[in-house]
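I have placed the structure first, in the form of structure tokens, so that the comments after it can refer back to it.
The values are calculated or read from the model by the stated rules, or taken from the named source; none is laboratory data. A quick note: this is a predicted structure, and the numbers were derived from the prediction, not measured. Glycine also receives a Cβ, built like all others from the backbone with ideal geometry; neighbour counts cover every protein chain displayed. Ligands, DNA and RNA are stripped out before the accessible areas are found, and what is left, the full protein with its side chains, is counted by its heavy atoms. Shrake-Rupley method; radii C 1.70, N 1.55, O 1.52, S 1.80 Å.
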Amino acid sequence: MRFSFKALDGAGFFQKGTLDAASEAEALKQLFERGYTPIDLLEEKLSELRPIRSTNLAIKHAEVIALIREMATLLASGVGLSETFSTLQEATHHLGLRNTLGQLIAAVHGGEGFASALKKSDLKLPEYVHALARAGEATGDLAGSLSRSAEQLEFEERMRGEAKEALTYPIILILTGIGAIIFIFSFVVPRFAGILSGRNVDLPLLSEWVLRTGVFVNANWLLIIMIIAATVTGASLVLQNPRFRVKAVAAMGRLPLLSTWIMGGETARWTSILAVLVQSRVPILMALELASTAVRLPDNADRLRSVADDVKLGKRLSAVIEERRLLEGTPLTMLKVGEKSGELGTMLGFVSAHAAEHHKTLQRRLVSLIEPISILVIGSVLGVIMVGVVLAMTSLTDVKL
């Protein structure tokens, strides 16, 4: 394979040219052996230049977490930073990851720090991960900071996975019920309407409504399917926008059944991030600011920022959190104990674990409520349809001559 490159030599002068290598990693290795710092590397194929960066091979969130975990493991084993990147680059076949690791190698060889290089890379990481990287560099415990970053990312991914898993059955139940209702209106009810057509029958209001709805759905089923598909597609596109997603979560947070569950998840999220940051010796004001950016409800974010403002004025963290009612009961007591004992980071970890367990309990309770409510609503709708059809059939005995 032939590669075209642009690089800076040891004296800082711009160089460009071509070289032959078996892979992109081998090409980068040859450049480093020459004392060059790569700026751009392109593979020449079919008389065209193709960049290493592949726009159709995005890096998944799970792959990012695994990469951070592997970096932490290698660094903790005493492997140097540049060697860590090179080892990981040689071990992966994912072009996106290899390109990103190549960027990190070039940045480190160019004299940049790890945190700065990570910030400029293609890895989409929360802001608190970059703060932890800076703290790790400052304290000399980069491996520990990356390990805590991976644990926090895994915790958030686990929370999302548990929420999806818990809501899967209720969603399937609701969709199946809606499908059954649409099927009955589309194919069953119109048959009864056909039996009664042309007969001079006084139908009850409920039966007339059911039969008219069935005839309408049967006549316009294609249009109804198109409207449903367009609605689902539009909702999916809208929810991909972070602003609308935040508004949707805020709206759900005002619903009776969902508000407590969402607030529990928010508490588990910000306490876990705050615990990780404090344990990594990130200043408390910066930790509170980063925790506020990680929550989804604007009201919670505002309260956390106000906590930072009051702490800046000299107030105790536990007193301000109690005043804002961000924590209550046992978690608040643990926070106060952590302040008095000087083990704030450790106690915040216990608070986070308590909040996560409480969130799971609320989640199980929510699912246990959604299922019977869904069955009751769907059964009621089907019952109304059946009653309307039965009343229509019994009306045949009252045919007027």
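Restricting the first member to the range 360-383 and to residues that are over 24 Å from ARG160 (Cα atoms), and the second to residues that are crowded, with 17+ Cβ neighbours inside 10 Å, the beta-carbon pairs closer than 6 Å and six or more apart or on different chains are ILE378/GLY177.
Could you list all residues from the range 311-329 that are part of a helix (DSSP H, G or I) and open to solvent by 20 Å² or more (accessible area, probe 1.4 Å)? So that I can check it myself, show each step before the final result.
Of all residues in the range 311-329, those part of a helix (DSSP H, G or I) come to 311-312, 317-324, 329.
VAL311, LYS312, ALA319, GLU322, GLU323, ARG324, GLY329, listed by residue number.
Checked against (1) at pLDDT below 90; (2) open to solvent by 60 Å² or more (accessible area, probe 1.4 Å); (3) in contact with a Pro (Cβ under 9 Å, 6 or more places away or on another chain), PHE350 meets all criteria but (1). Here ALA106 clears all of (1) farther than 19 Å from MET286 by Cβ; (2) open to solvent by 20 Å² or more (accessible area, probe 1.4 Å); (3) of a type in the set (Gly, Ala, Ser) except the condition numbered (2).
For the range 174-191, check the following and say yes or no: at least one residue is outside any helix (DSSP H, G or I) and open to solvent by 20 Å² or more (accessible area, probe 1.4 Å). Checked the range 174-191: no residue is outside any helix (DSSP H, G or I) and open to solvent by 20 Å² or more (accessible area, probe 1.4 Å). Within the range 367-401, the residues that satisfy the criterion of being open to solvent by less than 30 Å² (accessible area, probe 1.4 Å), at pLDDT below 85 and of a type in the set (A, V, I, L, M) are VAL367, VAL389, ALA392.
With under 30 Å from GLU112 (Cβ atoms) and among the polar types (S, T, N, Q) as the only criterion, which of THR139, THR231 stands out?
Numbers: THR231 fails: under 30 Å from GLU112 (Cβ atoms).
From the options THR139, THR231, the qualifying one is THR139.
Of everything in the range 126-146, what is hydrophobic (A, V, I, L, M, F, W, C), touching a helix residue (DSSP H, G or I) at 6+ places or on another chain (Cβ under 7 Å) and either open to solvent by 40 Å² or more (accessible area, probe 1.4 Å) or over 23 Å from ALA25 (Cβ atoms) (or both)? Give them in sequence order. Answer for the range 126-146, where residues must be hydrophobic (A, V, I, L, M, F, W, C), touching a helix residue (DSSP H, G or I) at 6+ places or on another chain (Cβ under 7 Å) and either open to solvent by 40 Å² or more (accessible area, probe 1.4 Å) or over 23 Å from ALA25 (Cβ atoms) (or both): VAL129, ALA131, LEU132, ALA133, ALA135, LEU142, ALA143.
Conditions tested, residue by residue: (1) open to solvent by less than 80 Å² (accessible area, probe 1.4 Å); (2) in contact with a Leu (Cβ under 7 Å, 6 or more places away or on another chain); (3) at pLDDT 80 or above.
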residue	(1), (2), (3)
ALA11	yes, no, no
ALA21	yes, no, no
ALA62	yes, no, yes
MET71	yes, yes, yes
LEU74	yes, no, yes
SER82	yes, no, yes
SER86	yes, no, yes
LEU95	yes, yes, yes
GLU112	yes, no, yes
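Among helices (runs of 4 or more DSSP H) entirely within the range 225-301, having at least 3 residues that are buried (at least 16 other Cβ atoms within 10 Å of the Cβ) and in contact with a helix residue (DSSP H, G or I) (Cβ under 9 Å, 6 or more places away or on another chain) singles out 256-279, 284-294.
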